[in-house]
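S.K.: What follows is a structure written as structure tokens; I'll ask about it next.
The values are calculated or read from the model by the stated rules, or taken from the named source; none is laboratory data. Being a predicted model, the structure only gives us computed values, none of them experimental. Neighbour counts run over all protein chains shown; Cβ positions are idealised from the backbone, glycine included. Only protein heavy atoms, including side chains, enter the accessible area calculation; ligands, DNA and RNA are left aside. Shrake-Rupley method; radii C 1.70, N 1.55, O 1.52, S 1.80 Å.
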Amino acid sequence: MSTAVDTTTDIRTFRIDIADEQIDDLRRRIAATRLPTRELVQDRSQGVQLATIQELARYWAEDYDFDRIEARLNALPQFTTGIDGVDVHFIHVRSEHEDALPLIMTHGWPGSVVELLETVGPLTDPTAYGGTAEDAFHLVLPSVPGYGFSGEPTEVGWGPGRVARAWAELMQRLGYTRYVAQGGDVGAVITDAMGRQAPKGLLGIHLNVLIAGLEDLPAESEQERAAHDALNTFFTDGIGYFSEQTTRPQTIGYSLLNSPVALAAWMLDHDTDGYYKFSRAFVDGEPAGNLTRDNIVDDITLYWLTGTGASAARWYWEVGRAQAAALASGQAPPEVSVPVGFTTFPGEVWAAPRSWVEKVYPSLAYFNEVDRGGHFAAWEEPELFSDQVRAAFRSLRTNGGSS
């Protein structure tokens, strides 16, 4: 990997350079994998299925083009800048439309900036995707500290609140005095924190998963009861990765840094809808939307080459500590005072009804339920997702969005 080009400013240009030795080592490790026997059930209830991981490993070692990830990222303007002691990597694409609204968008786990790449075109150049110039964004896609090409924190305390403050500093450093923020998964936690901090210049936020205020939500309508059932299912049967990363990230980190196949299996085992979509892309050759074999392996390869399996997992530990401290304080978090946009995708781990979102976010200004897509909405359905981002922020564009 290479970083230094322009050292005269606080923001440095960045390009990826993957050494052949890294790819050779990855292939050797895949070939040396010792696999377990086949699971004893017909579904994912015991974890990632053997047939899925065997086909993923075969494809990764034999058919995947390792030039892809380098070419895709190097085709976009990439930078690093030091914020609060950590080098933050980010993609920054300015729209050709000068009145574009600045947008900082945060990835999730097991995602990375890779899951957001297909939204760059629709968001920065909407006229090429059936939109209008008035819907354009200047787009900033940072890698959360400990993820991808951002540096690893060397001290504890890098929870969502600290990342949110770093994002506000990043936008200020880029010269954006008025901007909006979007996030799903990990990105939703950080974007929610930004909304509660309400830094100067933040006009509004958009989320696609409900991660706050999950206690004491109504269960009166059929839709509310279905969401409660999904929430209960996750916290009783789908929380394995979450529990391990929240309590013992270092322990799982040894496997994630040593075995690419272990890393791949860990990253696939997120939620039921997402897992089966990942699995079908490999076993059946039937991708769901943009969740193709190549796009999935791009993301896993990024984690492997940057060696960030453990540091990314530690972020969950930080969240767990932050939540425990907030609970112990007995103080309710500040309300989100900026306008909130929210889109519910049907395959989400728990598809939040409007009544839930309104209770958690009284400043809700936009809500919509769409007909396709799941937890990895931007990755799976980039154009539909981009349409939702445009719609959510359309009313905030008064007087243009640029600095």
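S.K.: If I ignore ligands, DNA and RNA and count only protein heavy atoms, how much of Glu369 is accessible to a 1.4 Å probe, in Å² to the nearest 10?
M.R.: The accessible area of Glu369 comes to roughly 90 Å².
S.K.: Further question on the same structure: With each pseudo-label sitting 7 Å past Cα toward Cβ, what's the Val370-Asp24 distance in nm, one decimal?
M.R.: Label at Val370, label at Asp24, 4.4 nm between them.
S.K.: Rank these residues by their accessible area, most exposed first, probe 1.4 Å: Glu222, Glu155, Glu62.
M.R.: Numbers: Glu222 145, Glu155 100, Glu62 125 Å².
Ranked list, largest accessible area first: Glu222, Glu62, Glu155.
S.K.: Report the full-extension gain for the segment Arg321 to Ser355: residue separation times 0.36 nm, less the Cα-Cα distance, to one decimal in nm.
M.R.: Working: separation 34, 0.36 × 34 = 12.24 nm, distance 2.89 nm.
Extending this stretch completely gives an extra 9.3 nm.
S.K.: Rank Tyr254, Tyr276, Tyr129 by accessible area, highest first, at a 1.4 Å probe radius? Don't skip to the end; give the middle numbers.
M.R.: Numbers: Tyr254 150, Tyr276 70, Tyr129 95 Å².
So, going from the largest accessible area down, we get Tyr254, Tyr129, Tyr276.
S.K.: In whole Å, what are the extents of the stretch 175-305 along the principal axes defined by its C-alpha atoms, from largest to smallest?
M.R.: 47, 43, 34
S.K.: Taking the Cα atoms of the stretch 239-333, report the difference between the largest and smallest coordinate on each principal axis, in whole Å and largest first.
M.R.: The principal-axis extents, from largest down, are 50, 29, 19 Å.
S.K.: Tell me, what is the per residue accessible area of the chain in Å², probe radius 1.4 Å?
M.R.: Details: 16890 Å² over 403 residues.
Result: 42 Å² of accessible area for each residue.
S.K.: Right, something else. Just to be sure I understand the curve: with the Debye formula and one point per C-alpha of the stretch 344-403, what is log10 I(q)/I(0) at q = 0.12, 0.16, 0.30 Å⁻¹?
M.R.: Cα-only, vacuum Debye calculation for the stretch 344-403: -0.35, -0.59, -1.22.
S.K.: Once you order the gyration tensor axes a ≥ b ≥ c over the Cα atoms, which shape class does the stretch 290-375 get: rounded for a/c under 1.5, otherwise prolate or oblate by comparing a/b with b/c? Can you show the working numbers first?
M.R.: Numbers: a/c = 2.90, a/b = 1.21, b/c = 2.40.
Since a/c reaches 1.5 but b/c is at least a/b, the shape of the stretch 290-375 is classed as oblate.
S.K.: Please list Glu220, Glu358 from largest to smallest accessible area, probe radius 1.4 Å, with all protein chains kept in place. All intermediate terms of the calculation are to be shown ahead of the outcome.
M.R.: Details: Glu220 150, Glu358 90 Å².
My answer, sorted largest first, is Glu220, Glu358.
S.K.: From Cα pairs below 8 angstrom and at least 6 apart in sequence, can you work out the relative contact order of the chain, rounded to a whole percent? Mind showing how you got there, number by number?
M.R.: On the way: 711 pairs, mean separation 78.2, N = 403.
Once divided by the residue count of the chain, the mean separation gives 19 percent.
S.K.: Expressed as a rounded percentage, what relative contact order does the stretch 264-403 have, with Cα pairs under 8 Å and six or more residues apart? Walk me through the numbers on the way to the answer.
M.R.: Details: 122 pairs, mean separation 31.4, N = 140.
Reported relative contact order: 22 percent.
S.K.: Using the Kirkwood radius built from alpha carbon pairs, what does the Stokes-Einstein equation give as D for the stretch 213-272 at 37 °C and 0.692 mPa s, in µm² per second? If you can, show how the numbers build up before the last one.
M.R.: Working: Rh = 13.5 Å.
It diffuses with D of about 243 µm²/s by this estimate.
S.K.: Related question: Starting at 0 and stepping by 5 Å, how many percent of the alpha carbon pairs of the stretch 43-112 end up in each bin?
M.R.: Here the calculated profile for the stretch 43-112 is 3, 10, 11, 17, 17, 12, 11, 11, 6, 2, 0.
S.K.: At each listed q (0.10, 0.11, 0.17 Å⁻¹), what is the log10 of I(q)/I(0) that the Debye formula gives for the stretch 251-403 modelled as equal alpha-carbon point scatterers?
M.R.: Cα-only, vacuum Debye calculation for the stretch 251-403: -0.52, -0.63, -1.18.
S.K.: Moving on. Please label the shape of the stretch 100-258 as rounded, prolate or oblate, based on the square roots a ≥ b ≥ c of the eigenvalues of the alpha-carbon gyration tensor (a/c under 1.5 means rounded; beyond that, a/b larger than b/c means prolate, else oblate). Please list the in-between numbers first.
M.R.: Numbers: a/c = 1.72, a/b = 1.24, b/c = 1.39.
Taking the square roots of the gyration eigenvalues as a ≥ b ≥ c, the stretch 100-258 is oblate.
S.K.: Please compute the Kirkwood hydrodynamic radius of the stretch 169-231 from all pairs of different C-alpha atoms, in Å with one decimal. The partial results should precede the final answer.
M.R.: Details: mean 1/r = 0.0743 Å⁻¹.
Result for the stretch 169-231, one decimal place: 13.5 Å.
S.K.: Assign one of three labels to the stretch 46-190, namely rounded, prolate or oblate, based on the Cα gyration tensor with a ≥ b ≥ c the square roots of its eigenvalues; rounded applies when a/c is under 1.5, prolate when it is not and a/b is larger than b/c, and oblate otherwise.
M.R.: Details: a/c = 1.98, a/b = 1.26, b/c = 1.57.
Since a/c reaches 1.5 but b/c is at least a/b, the shape of the stretch 46-190 is classed as oblate.
S.K.: I need the semi-axes of the equivalent ellipsoid of the stretch 1-101: take the C-alpha gyration tensor, multiply each eigenvalue by 5, square-root it, list largest first in whole angstrom.
M.R.: Working: eigenvalues 292, 69, 42 Å².
In descending order, the three semi-axes are 38, 19, 15 Å.
S.K.: Glu383 to Asp284: FRET efficiency via 1/(1 + (r/R0)^6), r the Cβ-Cβ distance, R0 25 Å, to the nearest 0.05?
M.R.: Working: r = 24 Å, r/R0 = 0.94.
Calculated value: 0.60.
S.K.: Now for a separate question. Quick check on the chain: of the DSSP beta bridges with both residues there, what percent are antiparallel, nearest 5%? Don't skip to the end; give the middle numbers.
M.R.: Values: 15 of 37 bridges.
Percentage antiparallel, nearest 5: 40.
S.K.: Percent of Cα-Cα pairs more than 14 Å apart in the stretch 111-165, please.
M.R.: Details: 943 of 1485 pairs.
The calculated P(r) of the stretch 111-165 puts 64 percent of pairs beyond 14 Å.
S.K.: Follow-up question, since we're still on this one. For a quick check of understanding: with a 1.4 angstrom probe and all protein chains in place, what accessible area in square angstrom does Arg372 have, to the nearest ten?
M.R.: Accessible area of Arg372: about 110 Å².
S.K.: Which value, in Å² rounded to 10, gives the accessible area of Tyr241 with a 1.4 Å probe and all protein chains present?
M.R.: Per-residue accessible area (Tyr241): approximately 20 Å².
S.K.: Same structure again: For q = 0.12 Å⁻¹, what log10 I(q)/I(0) does the chain give under the Debye formula with an equal point scatterer on each alpha carbon and no solvent?
M.R.: Summing over Cα pairs of the chain leads to -0.96.
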